[in-house]
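Below is one structure, written out as structure tokens; comments come after it.
Nothing in this text is a laboratory measurement; each read-out follows from the coordinates by a stated rule. Treat the numbers as computed from the prediction; the structure is a model and nothing was measured. Cβ atoms come from the backbone with ideal geometry, glycine included; neighbour counts cover every protein chain shown.
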Amino acid sequence: MQINAMPLTTIDEAAKKGVSAVQRYSLLSAQALSNLFRRPFYGADIITQMDRIGVGSLPIVILTGFFTGGVLALNTASSLMQFGATAVTGELVSLAMIKELGPVLTSLMVSGRNASGMASELGSMVVTEQIDAMRALGTDPLKKLVMPRIVATVVMMFFLTIVSDALGTLGGAFVSIFMLGQEATQYFHSAYQTLQYPDVVQGLVKPLFFGFIIATIGCFYGMNTRGGTQGVGKSTTQAVVVSSVLIIFVDFVISKFMIGIFGR
Amino acid sequence: MATSEIAPDVSLVQAYPDAPALRFDNVSVSFEGKDVLENISFEVKRGETRVLLGPAGVGKSVLLKLANGLIKPDSGRIYVFGFEITSMREEDLYPLRDCIGMVFQESALFDSLTVRDNVGYRLTEDHVPEDEIDRRVAQALHFVELDHTMDKYPSELSGGMRRRVAIARAIVSRPSLILYDSPTGGLDPITSTTIIELVIKQRDVYKTSSIVVTHRLQDAFMIVSHRFDCDTNKMEPLPPNQTDPCTSFLILHQGKLAFDGSTHDLIHSDDPFLKEYLS
């Protein structure tokens, strides 16, 4: 009897832990957001985080965007050549970058850099009792540490995605013009003409959601770190894995929703 | 330190002038189904120092965190300066915490901030002008005799110095209640004596209510058997057979309060556990 009951108990415990984690995540996110409208407002901390997250991520976003655009041009041009349609390379590159790859790849890069950074920084503060010390000194850690990170990530993701989209289009142009011998005017004309309002909206709405996911997941795993330095390592890994998977999943949901609304 | 200049908002402390600084009323707490503290009741009168003794892992640090509202009990009530904190929301606790100083077991200094910013953290959050913060931090660091460490980072300090910075951070806003969580834990005997001297200095000079958690009997008996002499700026032993009247003991054993009373009662107790613990 006892042997049969054990797996059920394990499943039961795992389910309870899962539900509890979702509940705590929702509470942390809601409290951090509601802190936006409560005093004191940590404006300086938001600016600091914007510098760390936004400016700090700029090099990887630039490189990722440029080379993704370049490789897209290379691959699409070789396929399009079979149909004599290399003229639409710019169209494919800009659509793919702006609707999909710009937001997703930028988010994944920022997630790898910053969700891990947030989880390890806050996790270290938890295990060394610095978070408790902060509370004991009369400061709300959700207000001082979590809220600025969420605001900064959401705002900076928006701009980083625009940078990535622009660099991706330029990367595609570089390959098309200098390596595949296409006309610059033709590339940029087709890249620009194909874009419609829904494409741009879709590409700019996604990073807002992705930024929220990166910051809240990073902070959630950081603030719930247990088990010393080993726990910090575990939280860091989990933050990157969970935020990356959630970004891909939410990307699918938003794309489906947007296509349902705009029809493309 | 100039008392009048760095005192926090005293209106909360004086809202219930007859209430003790801290009162536990049948407080129990458990973690993951394991009872850590069971039906703990005691009080800390204003100006009184309670030395909390007990074996490692008995729940001494948990008790201090309960006293500061950092964790909530499963049952029972906790009163700080007459305010029942167990039913308070976290944001309502923050003003009350301004009146409480806490020294953490491992100091818990913010490792990315300098000593100046650590000690002046509470003042910075309260938007005190920078030159005023500098002055108050200098005073607090002078109290713990670490005047020269203002621009250092915690990682550049020794364990004893970190503990003294933690004390400076706890007293910089002149709290009315100080919670010391094993202030001498892991320190050598000479440094431990320096820390205990600071605890006694705070008790005798500022008459601050406090709980001192320790598992070192020699530290506990040093606190009750010494006084601070302001003229020589040193602690000195009280005459033989005399103990500090404002200092008494609490002893935890297996999650329960095994003793609550004076030094005399503790030494003359017939309780087998206490006899074994003190031997």
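Please give the average number of partner chain Cβ atoms lying within 10 Å of the Cβ of each residue in A:120-133, rounded to a whole number.
If you average over the peptide's residues, the count of other-chain Cβ atoms is 4.
Output the peptides A:143-151, B:229-237 sorted from most to least packed, where packing is the average of other Cβ atoms within 10 Å over each peptide's residues.
Final packing ranking: A:143-151, B:229-237.
For segment A:147-232, just the Cα set please: Rg and Dmax, both in angstrom.
Both quantities, over Cα of segment A:147-232: 19.1, 59 Å.
If each residue's Cβ is checked for other Cβ atoms within 10 Å, how do B:His253, B:His264 rank with the fewest at the top?
Ordered from fewest to most neighbouring Cβ atoms within 10 Å, B:His253, B:His264 come out as B:His264, B:His253.
Give me a single rounded figure for A:137-146: the average over its residues of other chain Cβ atoms within 10 Å of their Cβ.
4
Just need the Rg to Rh number for chain A, please, alpha carbons only, Kirkwood Rh.
A ratio of 1.08.
Quick one: go through segment A:22-45 and flag any residue whose amide nitrogen is under 17 Å from the point 7 Å out along the Cα-to-Cβ line of B:Ser112.
A:42-45
Can you grab the distance from the C-alpha centre of segment B:206-236 to the C-alpha centre of segment A:135-155, Å, no decimals?
38
Can you figure out the FRET efficiency of B:Lys45 with B:Ser75, using R₀ = 25 Å and their beta-carbon distance, to the nearest 0.05?
With a Förster radius of 25 Å, E is 0.55.
Can you find, among B:Thr214, A:Tyr197, A:Asn35, the residue sitting farthest towards the positive end of the charge dipole of the protein assembly as shown, where Lys and Arg contribute +1 and Asp and Glu -1 at Cβ?
A:Tyr197
Cut-off 19 Å, label point 7 angstrom out along Cα-to-Cβ of B:Asp229: give me the residues of segment B:175-213 whose amide nitrogen falls inside.
It comes to B:193-206, nothing else.
Take every DSSP beta bridge whose two residues both sit in the protein assembly as shown, then give the antiparallel share in percent to the nearest 5.
Bridges in the protein assembly as shown are about 55 percent antiparallel.
Any number yet on Rg/Rh for the protein assembly as shown, C-alpha, Kirkwood?
Reported Rg/Rh (Cα atoms, Kirkwood Rh): 1.11.
Which of the aspartates and glutamates could a cross-linker span from B:Lys234 if the Cα-Cα distance has to be under 13 Å and same-chain partners fewer than 8 positions apart are dropped?
Partners within reach: B:Glu145, B:Glu197, B:Asp204.
Quick one: dipole size for the protein assembly as shown, taken about the Cα centre, charges +1 on Lys/Arg Cβ and -1 on Asp/Glu Cβ, in debye to the nearest 20.
For this selection, approximately 1020 debye.
Can you tell me, using C-alpha contacts under 8 Å and at least 6 residues apart, the relative contact order of chain A as a whole percent?
Value for chain A: 31 percent.
Using the beta-carbon distance between B:Ile267 and B:Lys207 and R0 = 35 Å, what value does 1/(1 + (r/R0)^6) give for FRET efficiency, to the nearest 0.05?
The computed FRET efficiency comes out at 0.90.
Please state the charge dipole magnitude for segment A:40-262, taken about the Cα centre, from unit charges on C-beta atoms (+1 on K and R, -1 on D and E), reported in debye and rounded to the nearest 20.
Roughly 460 debye, rounded to the nearest 20.
Counting helices only, and only those DSSP H runs with n ≥ 4, report the 222 nm mean residue ellipticity of chain A as the sum of -39,500 (n - 2.57) divided by its residues, in deg cm²/dmol to the nearest 500.
So the calculated ellipticity at 222 nm is -26000 deg cm²/dmol.
Starting from the Cα gyration tensor of chain B, multiply each eigenvalue by 5, take the square root, and state the resulting semi-axes largest first in whole Å.
For chain B, the ellipsoid semi-axes come out as 28, 23, 18 Å.
Give the order of B:Arg216, A:Arg135, A:Arg226 when sorted by the count of other beta carbons within 10 angstrom, beginning with the fewest.
Ordered by Cβ neighbours within 10 Å, fewest first: A:Arg226, B:Arg216, A:Arg135.
Taking R0 as 30 Å, what's the FRET efficiency between A:Thr9 and B:Asp35 from their Cβ-Cβ distance, rounded to 0.05?
E between A:Thr9 and B:Asp35, to the nearest 0.05, is 0.85.
Under Stokes-Einstein, with the Kirkwood radius over Cα pairs standing in for Rh, what whole-number D in µm²/s applies to segment B:120-279 at 25 °C and 0.890 mPa s?
142
For the peptides B:108-119, A:26-37, what is the packing order when you average, over each peptide's residues, the other Cβ atoms within 10 Å and list the highest mean first?
Taking the mean over residues of other Cβ atoms within 10 Å, the ranking is B:108-119, A:26-37.
Could you list the trypsin sites (Lys or Arg not before Pro) in segment B:117-160 that lie in coil according to DSSP, counting only those with at most 16 other Cβ atoms within 10 Å of their Cβ?
B:Lys152
Rounded to the nearest 5, what % of the DSSP beta bridges within segment B:3-278 are antiparallel ones?
Around 55 percent antiparallel, to the nearest 5.
Would you calculate a helix-derived [θ] at 222 nm for chain B, using -39,500 (n - 2.57) for each DSSP H run of n ≥ 4 and dividing by the full residue count, to the nearest 500?
Estimated from H runs of four or more residues: -9500 deg cm²/dmol.
Just want to confirm a number: the relative contact order over chain B, from Cα pairs under 8 angstrom separated by 6+ residues, in percent.
Reported relative contact order: 24 percent.
If the cut-off is 25 Å between C-alpha atoms, which lysines fall inside it for A:Lys256, apart from same-chain ones fewer than 8 positions away?
Correct list for A:Lys256: A:Lys99, A:Lys206.
In segment A:82-224, what is the volume of the convex hull around the alpha carbon atoms, normalised per residue and reported in Å³?
112
Partner chain Cβ atoms within 10 Å, averaged over the residues of B:65-72 - can you pull that number for me?
Across B:65-72, the average partner-chain Cβ count within 10 Å equals 2.
For a footprinting-style exposure proxy, rank A:Ser20, B:Ser209, B:Ser28 by other Cβ within 10 Å, fewest first.
A:Ser20, B:Ser28, B:Ser209
Would you please state which residues of segment B:27-41 a label at A:Lys16 would reach in this model, taking the label point 7 Å out along Cα→Cβ and a backbone N cut-off of under 19 Å?
Only B:29-36 pass the distance filter.
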